[in-house]
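Let me begin by presenting the structure, written as structure tokens, before commenting on it.
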Amino acid sequence: MAKKQEESKSARWLVAAMLLVSGLPAFWFTKFFIRDSCQLYRAQSWPEIPATVKVSVSDTLPENEGEGHGPSALYERIEYTFRFDEKEYVSRRVGPFERFNSGKHTEKYPEGKTVVAWVNPENPYESVLERERRFGFYAVLTLTLLFDAWFVFALLTAWVHERYLKAFLGHFLTLLPAGIGVAAIVADEVERTRDWYFVVCGFLGAITTMGLSVTFSVWFKRAAIVGLIGFVVGVVCIIAGVVMRQ
């Protein structure tokens, strides 16, 4: 009896951990996607205002030793000014999903360049330089759907047979490379050459196929073959990328 109670207690802790691990990214990405999508939609009706780029730097770490900085200091900074209703405003907002867009903004918006800003007439402190759907929109949309589906699966797992816990672990191994891959592509300081893609995709692809094999093994006995094939292909891609680099 005591053993069963202990197993039941450990199972509750496992389910709670599953819901927490899957719920936090699902909540964050859903909130982030809704917020920036709303701004993207509202910006379509904002008026165009001439603006001047005042600051355009790729690295905003402090120049002097001892100066503090937050996580945002690790990203590029675009600062521009414009006049609206006889008043000058300063903004650093390039556009919705800007942190997830691939490529650098500094090359497109050099210092001193006159650009077009779309300004919220009801709140001129809110403005953007871009209002198109770019890579960041689709990247965040994909991650939002994946993490939301993962959270729903975690909820279902709490009421379904124990074997689905194994599938949940497989989902984790599948989603983790997806997040790492998006972060690697978005990173501005990385030179994405062909050999880079071979190494990164080979490594992350091997983890992904292993995760898929764990998930499918809940329903198919020979699903381990998927993981084995993916692992071999991933190793071959990594070796090919290293050879290209040399």
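Structure values in brief
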item: Count of residues meeting criterion [out of contact with any Phe, Trp or Tyr (no Cβ under 9 Å at 6 or more places or on another chain) and not aliphatic (A, V, I, L, M)] in segment 114-123; result: 3
item: First in segment 132-152 and β-branched (V, I, T), second anywhere and in a helix (DSSP H, G or I), Cβ under 6 Å, 6 or more apart; result: V140/F33; V140/F100; T144/F29; T144/T30; T144/F33
item: Counted residues, segment 133-151 - those being among the β-branched types (V, I, T) and touching a Ser or Thr at 6+ places or on another chain (Cβ under 9 Å); result: 2
item: Residue in segment 122-144 that is touching a Leu at 6+ places or on another chain (Cβ under 8 Å), open to solvent by 30 Å² or more (accessible area, probe 1.4 Å) and either modelled with pLDDT under 85 or over 16 Å from G95 (Cβ atoms) (or both) present; result: no
item: Failed item, numbered, when F82 is tested on (1) among the hydrophobic types (A, V, I, L, M, F, W, C); (2) at pLDDT below 90; (3) part of a strand (DSSP E or B); result: (2)
item: Count of residues meeting criterion [within 19 Å of W150 (Cα to Cα), of a type in the set (G, A, S) and within 27 Å of the chain's Cα centre (by Cα)] in segment 206-246; result: 2
item: Checklist (1) at pLDDT 80 or above; (2) open to solvent by 80 Å² or more (accessible area, probe 1.4 Å) applied to S37, failing item; result: (2)
item: Of residues in segment 95-119 being β-branched (V, I, T) and at pLDDT 90 or above, the one most open to solvent (accessible area, probe 1.4 Å); result: T114
item: Every residue from segment 182-222 that is modelled with pLDDT of 75 or more, outside any helix (DSSP H, G or I) and open to solvent by less than 40 Å² (accessible area, probe 1.4 Å); result: S217
item: Residue among L156, L165 that alone is modelled with pLDDT under 85, assigned by the TED database to the domain that holds G179, open to solvent by 70 Å² or more (accessible area, probe 1.4 Å) and assigned to a helix (DSSP H, G or I); result: L156
item: Number of the condition not met by G23 [criteria: (1) at pLDDT below 95; (2) closer than 28 Å to L143 by Cα; (3) not assigned by the TED database to the domain that holds T144]; result: (3)
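The values are calculated or read from the model by the stated rules, or taken from the named source; none is laboratory data. Computed from a predicted structure; not experimentally measured. Glycine gets a Cβ as well: all are built from the backbone with ideal geometry, and neighbour counts include every protein chain shown. These accessible areas exclude ligands, DNA and RNA; they are computed on the full protein's heavy atoms, side chains included. Shrake-Rupley method; radii C 1.70, N 1.55, O 1.52, S 1.80 Å.
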